[in-house]
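Peer 1: Let me begin by handing over the structure; questions about it come next.
The values are calculated or read from the model by the stated rules, or taken from the named source; none is laboratory data. Treat the numbers as computed from the prediction; the structure is a model and nothing was measured. Every residue, glycine as well, gets a Cβ built from its backbone with ideal geometry; the counts of neighbours run over all protein chains shown. Note: accessible area is taken over every heavy atom of the protein model, side chains too, but ligands, DNA and RNA are not part of it. Shrake-Rupley method; radii C 1.70, N 1.55, O 1.52, S 1.80 Å.
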Amino acid sequence: MAYLESLRVFVRVVELGSITAGGRDLRMSPAVASNRIKDLETRFGVRLLNRTTRKLVPTEVGRAFYDSARRVIETLDEAEAVVSGFSGMPHGALRVTAPLGLGRRLIAPLVPRFCAEYPGVEIRLRLSDRNVDIIADGIDLSFFLGEPQDSALKWRRIAECKRILVATPEYLAKHGTPQTPDELLAHNCLLLRYPRSPEFYWVLQTPEGPQKMLVNGHFDADDGDVLTDWALDGCGIANRPKYEVAEHLISGRLVQILPDTLPMPAQFGVLTPHRRLQDPKVRLFADYIARETRGQFD
């Protein structure tokens with residue numbers, strides 16, 4: 001078992017490019033993870049990794065060993081998944097990602113109940129509004145809002161998430177309330193942007209069909225909650241999922257604008273690597289989230 005654990009450490013260290021990150025991902029200290037790598041290098045009498053002050057890369061033999069070790073780990077995981085399917089007792093770690101707002105409000109609160117029902121499963125949740133490389137990062141399930149871009153992955157639609165345009169009454173009193181989509185161009189629009197982000201425009205549903213609006217603003221952020229906070233501070237107009245701002249609409253801190261030309265809704269779904277589909281815990285968690293979030297996006 002120690003040898004298999006060392007293989008897992010080596011694979012994750014290569015994938016994440018850091019002994020510290022690889023160890024953290026497997027819930028062990030950098031010292032323990034480093035010792036696991038040293039055990040492998042001692043066992044084979046070769047150097048598997050080259051360490052520099054800035055990064056860690058596999059040697060030529062390390063790269064070849066990584067390819068084989070990864071297949072061993074995947075085969076072992078698949079075998080365990082088959083056994084779990086027969087036993088009805090799934091176990092092991094599930095690496096899950098989700099956007100920040102969605103993860104905080106909907107996914108994270110549901111994790112404890114799932115783990116209570118399936119105590120053999122560990123959920124390792126990572127939240128980010130940035131794009132995640134699911135294959136390279138070894139992710140089992142990636143929940144998303146939008147449209148999936150990677151055709152190499154399996155995706156499942158869960159629900160349609162309504163989006164609305166919002167601002168504070170104070171902002172609108174000072175700058176005017178847009179009556180048509182074109183009037184948005186004269187306003188400070190709060191945008192979700194990050195490297196390779198597709199959201200540099202808004203698409204509104206009009207009687208003539210979808211209308212792309214090349215809106216602009218004085219600042220943007222890679223965290224959707226920051227946009228909501230800026231909107232609450234009267235900084236501009238935000239395009240947000242309705243469920244994320246529902247409480248502020250009820251309190252009157254934010255008001256909806258252009259209700260007859262709503263932004264195009266976002267798809268709420270989950271991406272999984274094809275090879276993980278036979279793992280019962282992957283299917284169980286996806287089904288659980290789909291069931292428990294039903295009605296949240298209306």
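Peer 1: Name the GluC sites (Glu not before Pro) in the range 176-251 that are in a loop by DSSP and that have at most 16 other C-beta atoms within 10 Å, would you?
Peer 2: Values: sites: 183, 199, 208, 244, 247; in loops: 199, 208.
Those that pass, being in a loop and sparsely packed, are 199, 208.
Peer 1: Sort 51, 27 from largest to smallest accessible area, using a 1.4 Å probe on the heavy atoms of the protein chains.
Peer 2: Working: 51 100, 27 150 Å².
Result, largest first: 27, 51.
Peer 1: Continuing with the same structure: Just how many % of Cα pairs in the range 163-264 lie over 21 Å apart, if you round to the nearest whole percent? The partial results should precede the final answer.
Peer 2: Numbers: 1345 of 5151 pairs.
Counting pairs separated by more than 21 Å, the tail of P(r) holds 26 percent.
Peer 1: While we're here: With unit charges on the beta carbon (Lys/Arg positive, Asp/Glu negative), name the residue among 186, 165, 261 whose Cα is farthest towards the positive pole of the charge dipole of the range 163-264.
Peer 2: Among 186, 165, 261, the one farthest towards the positive end of the dipole of the range 163-264 is 261.
Peer 1: Using a Gaussian network model on the chain with a 10 Å cutoff between Cα atoms, which of 34, 68, 251 fluctuates the most?
Peer 2: Sorting by GNM fluctuation, first place goes to 251.
Peer 1: Between 191, 16, 145, find the one with the highest GNM mean-square fluctuation for the chain; connect C-alpha pairs within less than 10 Å.
Peer 2: Per the Cα network of the chain with a 10 Å cutoff, 16 tops the list.
Peer 1: Please state the charge dipole magnitude for the range 163-264, taken about the Cα centre, from unit charges on C-beta atoms (+1 on K and R, -1 on D and E), reported in debye and rounded to the nearest 20. Walk me through the intermediate numbers first.
Peer 2: On the way: 8 positive and 14 negative charges, 27 e Å.
Rounded to the nearest 20 debye, it is 140 debye.
Peer 1: Give the percent of DSSP beta bridges with both residues in the chain that are antiparallel, rounded to the nearest 5.
Peer 2: 70
Peer 1: Here's a follow-up. In the structure shown, do any of 38/281; 174/212; 174/242 have a Cα-Cα gap over 29 Å, and if so which?
Peer 2: Details: 38/281 33 Å; 174/212 26 Å; 174/242 24 Å.
The pairs that break the limit, which is 29 Å between Cα atoms, are 38/281.
Peer 1: What's the extension gain from residue 296 to residue 20 if we count 0.36 nm per residue and subtract their Cα-Cα distance?
Peer 2: Values: separation 276, 0.36 × 276 = 99.36 nm, distance 3.77 nm.
Taking 0.36 nm per residue and subtracting the Cα distance, the gain is 95.6 nm.
Peer 1: By how many nm would the segment from residue 229 to residue 132 lengthen if fully extended, with 0.36 nm per residue of separation less the alpha-carbon distance?
Peer 2: 32.5 nm
Peer 1: Quick check on the chain: what does the Kirkwood estimate of hydrodynamic radius come out to from the alpha carbon pairs, in Å?
Peer 2: Roughly 21.7 Å, rounded to one decimal.
Peer 1: Taking 0.36 nm per residue of separation and subtracting the Cα-Cα distance, what length does fully extending residue 113 through residue 147 add? Working shown, then result.
Peer 2: On the way: separation 34, 0.36 × 34 = 12.24 nm, distance 2.86 nm.
Extra length from residue 113 to residue 147 when fully extended: 9.4 nm.
Peer 1: Cut-off 10 angstrom, C-alpha nodes, Gaussian network model of the chain. Which of 229, 129, 140 fluctuates the most?
Peer 2: Comparing 229, 129, 140 in the GNM, the peak value goes to 229.
Peer 1: Once you place label points 7 Å from the Cα toward the Cβ at residue 125 and residue 188, how far apart are they in nm?
Peer 2: Here the answer is 3.3 nm between the modelled labels.
Peer 1: Leaving out ligands and nucleic acids, note down the accessible area per residue over the range 25-73 with a 1.4 angstrom probe, in whole Å².
Peer 2: Working: 3190 Å² over 49 residues.
About 65 Å² of surface per residue is accessible.
Peer 1: Tell me which residues come under 5 Å, amide H to amide H, from residue 206 once H is placed; ignore anything under 5 positions away on its chain.
Peer 2: Under 5 Å from the amide H of residue 206 lie the amide H atoms of 211, each far enough along the sequence or on another chain.
Peer 1: Also, quick follow-up: Calculate the dipole size of the chain relative to its Cα centre from +1 charges on Lys and Arg beta carbons and -1 charges on Asp and Glu beta carbons; express the result in debye to the nearest 20. All intermediate terms of the calculation are to be shown ahead of the outcome.
Peer 2: Numbers: 39 positive and 38 negative charges, 205 e Å.
I would put it at about 980 debye.
Peer 1: Could you work out what % of the accessible surface of the chain is carbon and sulfur, using a 1.4 angstrom probe and leaving DNA, RNA and ligands out of the count?
Peer 2: C and S atoms contribute 52 percent here.
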